[in-house]
Each structure stands twice: as structure tokens, then as C-alpha cells.
1. So if I take the alpha carbon set of segment 212-385, get Rg, then get Rh from the Kirkwood formula, what is the Rg over Rh ratio?
2. Taking 7 Å along the Cα-to-C-beta vector as the label spot, tell me the residue 129-residue 91 distance in nanometres, rounded to one decimal.
3. Kirkwood hydrodynamic radius of the chain from all distinct Cα pairs, in Å?
4. Which ordering of 391, 385 is given by a fewest-first count of other beta-carbon atoms within 10 Å?
5. Cross-link partners among lysines for residue 298, C-alpha distance below 26 Å, same-chain residues fewer than 8 apart left out?
6. Report the local net charge at residue 159: Lys and Arg +1, Asp and Glu -1, summed over other residues whose C-beta lies under 12 Å from its C-beta.
7. What is the log10 of I(q)/I(0) for segment 3-194, computed with the Debye formula using one identical point scatterer on each Cα and no solvent, at q = 0.08, 0.09, 0.11, 0.17 Å⁻¹?
8. Got a sec? How would 274, 297, 318 order by Cβ neighbour count within 10 Å, fewest to most?
Amino acid sequence: MTWRSRLTALAQWIVLGALVGVFCGGASALFLFLLGEVTDYRGGHEVIVYFLPLAGLVIGVLYARFGESIKAGNNLVIDTIHDEGPEIPLRMTPMVLVGTVLTHLFGGSAGREGTAVQMGASLSDYISHRLKLGPELRHQLLAAGVAGGFGSVFGTPIAGTIFGLEFVVLGRIEYRALVPALIASIVGDLTTRGLGIEHTIYPVAPHVALDPLLCLKWLVFALAIALTSVAFIELTHFLKRQGERHVKMLGVRMAIGGAIVVLLWQVVGTSDYLGLGVPTIVRSFSDPNLPVYAFALKLLFTAITLGAGFLGGEVTPLFFIGATLGSVLADVLGIPRELGAGVGLAAVFASASNTPLALSIMAVELLGANILPHVVIVCVLAYLISGHRSIYPSQRVTRGKGGGGPGRPVRMRELEQAMSPTAEPRPDHER
């Protein structure tokens, strides 16, 4: 490749990446603004939570009628990147945006990363097809859309870049899309901030020197993190499978799930486990009176919400689960609470999504450089211990975490079934 062709390719990546970033950042800004508004409204009018089953019924009916082609969500994005499938419908952006906002308005326990990633991917694919780009550039822009959506919605552009390249294939970074993904994530973050969105400020992690005893503590910590992420993955997928098997209509499944969430809300007697749960995440860094079971309740609320079909992501609920679990483990293991909560915040999602590098970087962007090397150690160990599972069943695997593997890209779901012949088939939306 000549210098001229390299410069031409770089200029093309910069222009296209910036274009994707502006679209992703604008969409994330609107999304975050609406999330803030509905969260505040629900906090002052908690009676609205009683209408979550009705909201689920309405969302489900609308999705069954108009969203059949996009119901696979993040798995559709992964499949499209790999298989060069048809254009991701642009309707994914408004439908997932409205569906997620309604989920949060009525108290569903969900996140925001899934929505941001899907909006970013659908917008970038719209740009690719309008500009009639070739398959290689389309592939790169899809990864850039994922990066732009993730980086802008959390205010972590470098983590967003790595996530866009890492989450598609287990154990491999898609360097072909590095430049456009970096540009899209940075521009997306700048656009979101430029539109007046302020992200959550987390406490800076304290400096703690690494020593052999602390390494052993982190091993125990990582084991607990991995078991928790496995429990979340298995429970969420189990509820999805059983729901699709026994209740054919999506709206009815969502109404039933919503009713169970409302019942749990009444039983526990607090609204801490509804919605994103950001106040409790921040509280986990300093509050010694945080309930030791908080992580388990959030896991249950979120698995039921997402398992029933409500829209949203897993990241912020997994941040909640990880931070609250990390706070408890820190007290037990004699680790500073701020450090344990910060490492746990990143490690549960790293394990559940098989993205240890992206989440290690994200921890640094959110909590400061003192979180290193602790967060890397725990993220990598939890990633290995959790086995071949993922919240994204369409993630591809070329080599297993132990070094072996199928030798060809296969879906995580297919590898899991091959390793466990008695495993139940996955529902259509996980394919």
C-alpha cells in the first residue's frame, strides 16, 4: 500500500467515523435525556410502577407487530457484522429507544448499553447503505456504530472503542475497524457532552500496592464474580426459553414478567432495584450498611425484566450487581471498599460479555488509574472461570478460553450446546 493510498484510507475512515459518531452521540444524548426525565418522574410518582404489566403488554404487541425483524437486538448486530446480512432496519433506532424509555418509566430493571449499541449499529448501517459502501467498509462502520453508541452513552470513548472491536468474537480484537471505531467513539462522546449531557461521577479508586496475599484475595474475588455472572446469564436465558415455550405471545410474556417485578417490588419494600439503580451503585463505594443481598435482588429483578422481553441493556444492572457484590467481598477479604466496589463494577460485566480488556479500560476511565492492575487481574480471571457463556449468544468463538476450540467461527450458543448435549435449544431471538 502506497503512502497516498494510506492517507486516502485514513481520510475516509476519519470522515465516515466522525459522521457515525455525530449520529451516535446525538442519539445517545436524546436517549440519556429521556432516561433522566422518566427516572425523575417515576421517583416522584411511584404509583406508575403498578402499570408495568400493562406497559409490557403494549410494548410486546407493538414489537410483535412491527419489530419482528429487529427482535434479536444485539445478537442481530453481531450476526450482521459476521454474515454480511441485509441492512439493519432503521426502525430499530426509534423502536428500541421508545421501548427502553417506557421500560424505565414504569420501573423495569434494565440498562442502556443494549439500546445505545443497537441505535449506533442501525444508524451506521443506514449510512453505509445510503453511501453504497462495500462490504469491508460496511463491516468497519458497524463496529464503529457499536463503539460510538457504547462510548457516548457511558462517557468512556476508549472503552467504547475496544468494546466495539472485542465483543463480536471471543478472544480476538477486530483491528480492521480500529480507526473508524476510535473516531466514532470519541466524536460520539464529544457530541453527547456538547449537547449538555452529564455522566455519573464515581469516586476515584484508592492506590493499593499489589502483593502476593492481595493476589490470592483477588482470585477468591474473581471466583465469586464469575459465579455471579454465570448465575445472571443462566437465569436470564432460562426465563427467556421457558417464557417462549409456555407463553407464545410476547405481550403476554412481558405482562406476566411485569407483574412479577411489581410483586417483588412490594415484597422488598424499596424502589432501589427498579430502573438503572445508579444511586445504589454510587452508594456501594462508601456505605457499610449496604444490604449484603443487594446484588442478588438486582440480579433477580433484572433477569425477570429482560427475560420477559422488556427492552434495555445489561451493563448498568451488572454494574449495580458487581459494585454491591464487590463492596461486600471487600469487607470480607479486607480490601478497601472503594477498590472492591470499583473492581466488581467492571468485572461482572467483563465476565458476562467476554470483554475483559474493554471493561478494564472502562474502569480506568470511570475510576482513575489506581484501579490498575487490580481490575485487569479480576476481569481476566473471571472471564476465564465463567466458561463459554455470554449475555450475547451470537458472539463468535474461534478458540476456546482454554486454548482449544472449534477452529472455525461458531456462535457461543452452538459451542455451549456442543459441550453440553443435554442443553435446551435457544429461542429464535438468541439465534
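We did not get these values from a lab; they are worked out from the coordinates using the rules stated. Since the structure is predicted, the reported quantities are computational estimates derived from the model, not experimental observations. Here the Cβ is made from the backbone with ideal geometry for all residues, glycine too, and neighbour counts use every protein chain on show.
1. On the way: Rg = 16.3 Å, Rh = 16.3 Å.
Result for segment 212-385 is an Rg/Rh of 1.00.
2. With each label point 7 Å from Cα toward Cβ, the separation is 1.2 nm.
3. 21.4
4. Values: 391 25, 385 18.
Ordered by Cβ neighbours within 10 Å, fewest first: 385, 391.
5. Within the straight-line limit of under 26 Å, residue 298 reaches these lysines: 71, 217, 240.
6. Values: positive: none; negative: 113, 166, 189, 365.
Value of the local net charge: -4.
7. -0.26, -0.33, -0.48, -1.02
8. On the way: 274 26, 297 20, 318 31.
Lowest count first: 297, 274, 318.
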